[in-house]
Amino acid sequence: MTRKGIRPIHCLILLPLLLVGCWDRQELNHLAIISALGIEQAQDGKITVFTQEITPRTLKGGGMGATSEGGGGGKTLLRSETGETVPDALFKLQKKVGRRLFWGHTMLVVFGERAVRQGIQPQIDFLIRHPQMRLRANVFISEDPGAILGIQAPVESTAARTIRNMVDLRRRKAMDINQLAQMMAGDAQTAIIPYIQPVDKTIPYIHGSAILKKGKWVGKLNQEITEGVLWHRNEMKNGVISLKIPEGRRDMGIRVVNSQVDMIPKIEQGEWRMTVRIHAEDDIEVNETDLSMRNPRFVRMVEEAAEKEIYTLAQKMLQKVQHDLKADILGFAETFHRRYPREWEQVKDRWDQVFPRVKVKVQVKVDVERVGMTNRPAGLPMEKVKKK
Amino acid sequence: MSIFRGIRKKKRKKEIISQGIDGWGSQLNSSLDADFEENRRIFRDLFTDCYDVIFHPFRVGEQVQAELIYIQNMSNVEEINENVLTPLMEKKVDPRDFQTILERRLPISSAKPVSTFSEGAQALTMGNALLLIKGVAGALDLSVNKWEKRGITEPENEPVIRGPKEGFIESVRINTTLIRRRLRTPQLKLKSLHLGRYTHTEVIVAYMEDIVHPDLLEEVIRRLERIDIDGVIDSGYIEGFIEDHPFSPFPQVLTTEKTDVVTAELLEGRIAILVDGSPVVLVVPITLTTMLQAAEDYYSRYIPATMIRSLRYLMFLVSIALPSFYVATTTFHQEAIPTEQLISFAAAREQIPVPSLVEALLMEFAFEALREAGLRLPRIIGSAVTIVGALVIGEAAVSAGLVSAPMVIVVAATGIASFTIPRYALGLPMRALRFPLLILSGTLGIVGMLLGLFAIVVHLCTLSSFGVPYLSPLAPWQKRDLKDVLWRAPWWKMDRRPQELSPSNLRREAPDQKPGPAQGGDRRDSK
Amino acid sequence: MIERGRISSGQMALILFAGISTTGTLVSPNMTGWYAGRDLWLSVLWASLYGFVAVGLAFRLHRIYPGENIIQYSPRILGTFPGKALGLLFLVSYLVLVGITLREYAEFVKGIFLPQTPMTVIVGSMMLVSAFAVKGGVEVIVRVTQALLPAALLIFLVTLCLTVQSWDVQHLFPILEKGIGPSLKGSMVPGIWFSEFFVITFLLPLLADPSKGLRRGLIAVTSVALLFLYINLICLFVFGMEYLVMVYPLFEATRYISYAQFFEHLDAIMLMLWMTGIFIKLCLVHYVVVLGTSQWLNLSDYQPYSLPMAFLAAGLSLWVVPSSQELYRAISTIFPFSFPGTNVLIPLLLWLIAEWRNRGLQKGEVVQ
């Protein structure tokens, strides 16, 4: 009995002796923590990578080390290297950096526009295959990835964190590696990636988006159409719409609090139809008119105006996406696939041709849920408020 | 082959026993002589060069020769004068035999005849007086002992906010009194044994007759009787002899100085071993979870007690694994640390020349050294050590770039966590095992740390204390006993004793005692 | 009786649950999906039948030969030589299982966490600790399970629930797009794990409360089925069909968790949870191998052979397959036949033969 008990403890003492050697140990001060990765096409089929490396030394606030440091230089360091493929370029880059590149905290991947035109499927494969890389990393497209990664964020520690905070704040599902891979491999083989541009060398600005088909660039959407697409994909959780109210003859701002989009596919006599039902719940943000919101008639008026506005946006968006770019980023393919698996089987190889011919009907329903902290126009004499 | 080896081993053991380490002269085992002079001579022989032994010759009833032997300052001289010498020296006394003297003449409550020299010597060394009378065979052992003892104080090692503050002292007689005072029942049995060839230390086995498992009692007595040693200075000697797994770093016996703890454990069916000369009482059998329960848990209200107890469990884990976890995450799994945190960790480590593992070992080592220094030094200097330690490690080492600030935090947090373990004895293996775990996590990261923890868990699972698995009721599960482990059940729910300890007398309270207005607490209802 | 320890039926169910489900949660979704695509969760339901049958057969055989396991009763059913040969087949298949489990663990750890560390060290250190646990006997390994599993399982399930933020239930549809075929085909993969339930034959004779053995065994099968169902659905919900490109989809799904930019990057925690499960699995299967071998050789004790057998298993795990790709190919092509074969088909035949040989006998009597 007694002899049995001692063995595991022996084992505990033996183990360290056995394992003298630290194969994978990486001290923190031997790591180059990469916060963002940029990929751009270079000349003659080569790839340029940009990395945004965090330099911890200068981040230290106050501290005893601050005497010699401080002053010049940013909190992050931009490096770049060119190679045959992304891993090749990174390998070359590693040779120039004294510390091991560490990808566990990469929050941002920015593709250059030219890289996207060449196709980003191999890069996505690299990003998913890499054991350190995060599927959560946000993906963006930019005309100049180097400029984005070179941004020195004034408030946050890194530009990558600034962008991630922006994404979180807009409460909109941003495109990350997982979602991008899912879309690219999905039934429609399309993807939408937001555009990002540097403003003023310190502010990254997310504006518009690019559409990919089969991993390659097909077109660019402006901010308005992008919002329409996001709305449609149920990814717009927080947006502001300005309305013209005919009776009030002035503007009204409403905030979309919640919106739900349902797609109802139907195939009738070989004709593919899609009904898109948009239901939005709004709050009134600003009321420039003289209409009192205590009157349900006026509220209904606002709702109608909003419905019209959204309908117009949807039609504009459909015109661009369905008829101009012919890229199904709206999830029509999946919807038909789920509802009509057999019919889908027949058209799946020529969905490109079927998609533009799908008859789309848009139905919009808007409910004003709350009118804010006041129900009359504030700052207006009571007698001037239109009550009826 | 193996059978023979077994026999040989046994033989050797017997030889050693028969050789013995005899603490007394060989003549001791002989019985007292009928001859008074002879007895006197032998006693004087035995205690030659013992200045403290007083041989007081006198005459009983003014004629019969007698001698009173006692040890200075161990026997109560006043009592001897008043209750022994005065009545015996009266004229009318006629010493025919001890029985009549005892019954008629000696106003002493506790006295008994002694027949052998060893008994007599033993009685003397306990502070009793020995009465020899010419013409009367044997001697009389008069219990007149009285010696200096420490007053009953609050044990410094086990302070409580709420609850009894009474502690044991070095005298086993007083200690048994303290227990008896709390358990006023004949069911409390106090079996006495004498261990140690020279010290003849009194060892008391205390248990509750009704509650204790008879096999357990038998096992405890057997293990105690097996002990053959020259002296027992402290209960620690006994602990070393009765453990189940002598090679384990984990304590398998509960040690306490608090009377209320011992009482509570007796009521749960455990056995207490009191050793004369030691204020530390041993309680067996125990489990790991009993070591993590503080007496106060049971005196305070159950909801806060449960919270504090779970905090203690968490701290128990922290005290063994936190430095390893820190080293593993910062040197192997940097992605697990939130980015901003990682940046500040990295910044703190920029100027540190040594690897994290060495840094951690260094700090742990320094911390242990400080702790030990503070413990052993006289109290006044001890506080100076603390200040120096705080200054040197907390401030200077960081600014000198020897260690990083996060490491100081980790080591300090570990230290605090280890202080939350209510039993000092359990804190020791935690402190020791931290080092191999650190090395493991420094070589294999989380994998190494976890393998080390697995080894510890496996070891804990093989351990048992007097047949009770060390991790019960967690492993193996004793569903009913979990009420006192995962949470501290309110007293009206603590209706059963631990299953393994007292299967025959499980219920400890009447059912349905949940208080509340409906139970008669509301006076309007009773009207 | 070579094993003196006794366990309760609850302990048996717990160690079976942990020992069988762990590696399955790590690697099975990807391989199941290879055949079953979107319907992988249905495959689990079909595969669980293997588990119920295996437990049922083990229990039937145990009723005929109480207090014995397959190593002991197969010679009594088939005669000494064929019976011993069958016993050897079982032992080899379980030894391979130890090796494969170790290898799966090593590939996981080496692939993601310790790329530079030699495989020998990863395999050896784990096997060493398991061997020491097995040396303690069956009571120690069930206690280890009880000490480690509840907390680990709780954290595991909570973590799985946290993936809800990226669920898209739409990925489930269309169900049965290509009929029932793919899901049936896919059921071969989880079938490997469910057929492992036949190890219960080694635990049933050790029960202190044998009457509850069958019920608790079936509860264990049901819980593993539910867990597999759950994890397969999570993989599908989080990644859609993309889970097919990931070797460890569930691990990726938990890595994908992110709350408030703080509660994220759970890799290390998941590693700890999986290591706990794999450790328990190794203890269980290694115990079966060591005990079975000692019984097969009619040795008087099994504990001293734990360490030597562990070296054998560690060596086996290193050479059994040359690479991780070969490992997963073997699991998805060879094992779907070999495991249900040895663990379901052979016991079924054994049971039929035993019933046939014992026909017409009174209850409690058996042909020797």
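Among the residues of the stretch B:241-257, is any in a strand (DSSP E or B), surrounded by 16 or more Cβ atoms within 10 Å (Cβ to Cβ) and among the β-branched types (Val, Ile, Thr)?
Initial filter on the stretch B:241-257 (in a strand (DSSP E or B)): B:254-256.
Imposing the further condition that a residue be surrounded by 16 or more Cβ atoms within 10 Å (Cβ to Cβ) reduces the set to B:254-256.
Checking the rest, the ones that are also among the β-branched types (Val, Ile, Thr) come to B:255-256.
Yes - at least one qualifying residue is present in the stretch B:241-257.
Restricting attention to the stretch A:204-262, report how many residues are of a type in the set (Lys, Arg) and assigned to a strand (DSSP E or B).
Matching residues across the stretch A:204-262 total 6.
Residue C:208 - would you say it is in contact with a Ser or Thr (Cβ under 9 Å, 6 or more places away or on another chain), among the aliphatic types (A, V, I, L, M), in contact (Cβ under 8 Å) with a residue 60 or more places away in the chain and more than 28 Å from residue C:96 (Cβ to Cβ)?
Yes, satisfied.
Given the structure, is residue B:412 under 15 Å from residue B:365 (Cα atoms), in the same structural domain as residue B:325 (by TED's automatic domain parsing), modelled with pLDDT under 90 and more than 23 Å from the chain's Cα centre (by Cα)?
Taking the combined requirement at face value, the residue satisfies it.
Give me the pairs: first residue in the stretch A:215-229 and basic (Lys, Arg), second residue part of a helix (DSSP H, G or I), beta-carbon distance under 8 Å, and six or more apart or on different chains, which are they?
Note: pairs meeting the criteria are A:216/A:116; A:216/A:117; A:216/A:118.
Scan the stretch A:340-350 and give yes if some residue there is more than 22 Å from residue A:185 (Cα to Cα) and crowded, with 16+ Cβ neighbours inside 10 Å, otherwise no.
no
Give A:359, A:348 a once-over and let me know the one that is closer than 21 Å to residue A:266 by Cβ and either within 14 Å of chain C (Cβ to nearest Cβ) or in contact with a Phe, Trp or Tyr (Cβ under 6 Å, 6 or more places away or on another chain) (or both).
A:348
Looking at (1) closer than 29 Å to residue A:84 by Cα; (2) within 12 Å of another protein chain (Cβ to nearest Cβ); (3) in a helix (DSSP H, G or I); (4) in contact (Cβ under 8 Å) with a residue 40 or more places away in the chain, can you tell me which one residue A:123 breaks?
Unmet for residue A:123, out of (1) closer than 29 Å to residue A:84 by Cα; (2) within 12 Å of another protein chain (Cβ to nearest Cβ); (3) in a helix (DSSP H, G or I); (4) in contact (Cβ under 8 Å) with a residue 40 or more places away in the chain: (2).
Scan the stretch C:154-163 and tell me whether some residue there is closer than 30 Å to residue A:177 by Cα, more than 14 Å from chain B (Cβ to nearest Cβ), surrounded by fewer than 20 Cβ atoms within 10 Å (Cβ to Cβ) and hydroxyl-bearing (Ser, Thr, Tyr).
Yes: the stretch C:154-163 contains one or more residues that are closer than 30 Å to residue A:177 by Cα, more than 14 Å from chain B (Cβ to nearest Cβ), surrounded by fewer than 20 Cβ atoms within 10 Å (Cβ to Cβ) and hydroxyl-bearing (Ser, Thr, Tyr).
Can you list the strands (runs of 3 or more DSSP E) found entirely within the stretch B:113-216 that contain at least 2 residues being farther than 30 Å from residue B:38 by Cα?
Ranges flagged: B:188-195, B:201-208.
Looking only at the stretch B:496-512, decide whether some residue is polar (S, T, N, Q) and surrounded by 22 or more Cβ atoms within 10 Å (Cβ to Cβ).
The answer is yes; a qualifying residue exists.
Counting only residues that are of a type in the set (Phe, Trp, Tyr) and touching a Pro at 6+ places or on another chain (Cβ under 8 Å), which one in the stretch C:6-53 is surrounded by the most Cβ atoms within 10 Å (Cβ to Cβ)?
C:50
Tell me, please, whether a residue that is closer than 26 Å to residue B:333 by Cα, at the interface with another protein chain (Cβ under 7 Å from one of its Cβ atoms) and at pLDDT below 55 can be found in the stretch A:48-61.
Checked against the condition, which is being closer than 26 Å to residue B:333 by Cα, at the interface with another protein chain (Cβ under 7 Å from one of its Cβ atoms) and at pLDDT below 55, the stretch A:48-61 yields at least one hit.
Using beta carbons and a limit of 9 Å, which pairs, at least six apart or on different chains, have the first residue in the stretch B:474-486 and at the interface with chain C (Cβ under 7 Å from one of its Cβ atoms) and the second one assigned to a loop (DSSP other than H, G, I, E, B) and not basic (Lys, Arg)?
Taking only residues 6 or more apart or on different chains, the pairs are B:474/B:287; B:474/B:485; B:474/B:486; B:476/C:8; B:477/C:8.
Does residue B:348 meet the test of being without any contact (Cβ under 8 Å) to a residue 60 or more places away in the chain and more than 7 Å from chain A (Cβ to nearest Cβ)?
Taking the combined requirement at face value, the residue satisfies it.
Hey, does the stretch B:188-197 have a residue that's modelled with pLDDT under 90, touching a Gly at 6+ places or on another chain (Cβ under 6 Å) and surrounded by fewer than 20 Cβ atoms within 10 Å (Cβ to Cβ)?
Yes, there is a match, as at least one residue in the stretch B:188-197 is modelled with pLDDT under 90, touching a Gly at 6+ places or on another chain (Cβ under 6 Å) and surrounded by fewer than 20 Cβ atoms within 10 Å (Cβ to Cβ).
Return yes when residue C:3 is surrounded by 20 or more Cβ atoms within 10 Å (Cβ to Cβ), acidic (Asp, Glu) and in a helix (DSSP H, G or I) and no when it is not. Even if it seems obvious, please write down each step before you answer.
On the way: surrounded by 20 or more Cβ atoms within 10 Å (Cβ to Cβ): yes; acidic (Asp, Glu): yes; in a helix (DSSP H, G or I): no.
Spelling it out, it is not the case that residue C:3 is surrounded by 20 or more Cβ atoms within 10 Å (Cβ to Cβ), acidic (Asp, Glu) and in a helix (DSSP H, G or I).
Criterion first (surrounded by 14 or more Cβ atoms within 10 Å (Cβ to Cβ), touching a residue at least 24 places away in the same chain (Cβ under 8 Å) and among the polar types (S, T, N, Q)) does residue A:315 satisfy it? Talk me through it step by step, then tell me what you get.
Details: surrounded by 14 or more Cβ atoms within 10 Å (Cβ to Cβ): no; touching a residue at least 24 places away in the same chain (Cβ under 8 Å): yes; among the polar types (S, T, N, Q): yes.
No; evaluated as a whole, the condition is false for this residue.
Restricting the search to the stretch C:249-262, which residues are in contact with a Pro (Cβ under 9 Å, 6 or more places away or on another chain) and either surrounded by fewer than 24 Cβ atoms within 10 Å (Cβ to Cβ) or more than 18 Å from residue C:277 (Cα to Cα) (or both)?
C:261, C:262
Is it true that some residue in the stretch B:432-449 is within 12 Å of chain C (Cβ to nearest Cβ), touching a Lys or Arg at 6+ places or on another chain (Cβ under 9 Å), of a type in the set (Ser, Thr, Tyr) and under 30 Å from residue A:25 (Cα atoms)?
Looking for residues that are within 12 Å of chain C (Cβ to nearest Cβ), touching a Lys or Arg at 6+ places or on another chain (Cβ under 9 Å), of a type in the set (Ser, Thr, Tyr) and under 30 Å from residue A:25 (Cα atoms), one finds at least one in the stretch B:432-449, hence yes.
Kindly provide the set of residues from the stretch B:369-401 that are within 30 Å of residue B:445 (Cα to Cα) and crowded, with 16+ Cβ neighbours inside 10 Å, ordered by number.
Hits for the stretch B:369-401 are B:370, B:371, B:389, B:393, B:397, B:398.
Against the conditions (1) in a helix (DSSP H, G or I); (2) surrounded by 12 or more Cβ atoms within 10 Å (Cβ to Cβ); (3) of a type in the set (Ser, Thr, Tyr), where does residue B:70 fall short? Just the number, please.
Every listed condition holds for residue B:70 apart from (1).
How many residues, within the stretch B:327-343, are surrounded by fewer than 24 Cβ atoms within 10 Å (Cβ to Cβ) and in contact (Cβ under 8 Å) with a residue 24 or more places away in the chain?
Looking only at that region, the number is 2.
Looking for something surrounded by 14 or more Cβ atoms within 10 Å (Cβ to Cβ), within 30 Å of residue A:290 (Cβ to Cβ) and out of contact with any helix residue (DSSP H, G or I) (no Cβ under 9 Å at 6 or more places or on another chain) - is there at least one such residue anywhere in the stretch A:376-387?
yes
Since residue B:287 meets every condition but one in (1) under 29 Å from residue B:492 (Cβ atoms); (2) surrounded by fewer than 23 Cβ atoms within 10 Å (Cβ to Cβ); (3) touching a Leu at 6+ places or on another chain (Cβ under 8 Å); (4) within 14 Å of another protein chain (Cβ to nearest Cβ), which condition does it not meet?
(2)
Given (1) at pLDDT below 75; (2) assigned to a loop (DSSP other than H, G, I, E, B), where does residue A:15 come up short, assuming only one miss?
Looking at each condition in turn, residue A:15 falls short on (2).
I'd like the residue in the stretch A:28-48 that is touching a helix residue (DSSP H, G or I) at 6+ places or on another chain (Cβ under 7 Å) and over 10 Å from residue B:346 (Cβ atoms) and, out of all such residues, is surrounded by the most Cβ atoms within 10 Å (Cβ to Cβ).
Looking at residues that are touching a helix residue (DSSP H, G or I) at 6+ places or on another chain (Cβ under 7 Å) and over 10 Å from residue B:346 (Cβ atoms), I get A:36.
Would you call residue C:300 of a type in the set (Ser, Thr, Tyr) and not in a helix (DSSP H, G or I)? Before the answer, list the steps.
Values: of a type in the set (Ser, Thr, Tyr): yes; not in a helix (DSSP H, G or I): yes.
Judged against the criteria, residue C:300 is a match.
The values are calculated or read from the model by the stated rules, or taken from the named source; none is laboratory data. Since we're looking at a predicted model, the values are computed, not measured. Note: ideal-geometry Cβ built from the backbone for every residue, glycine included; neighbour counts use all protein chains shown.
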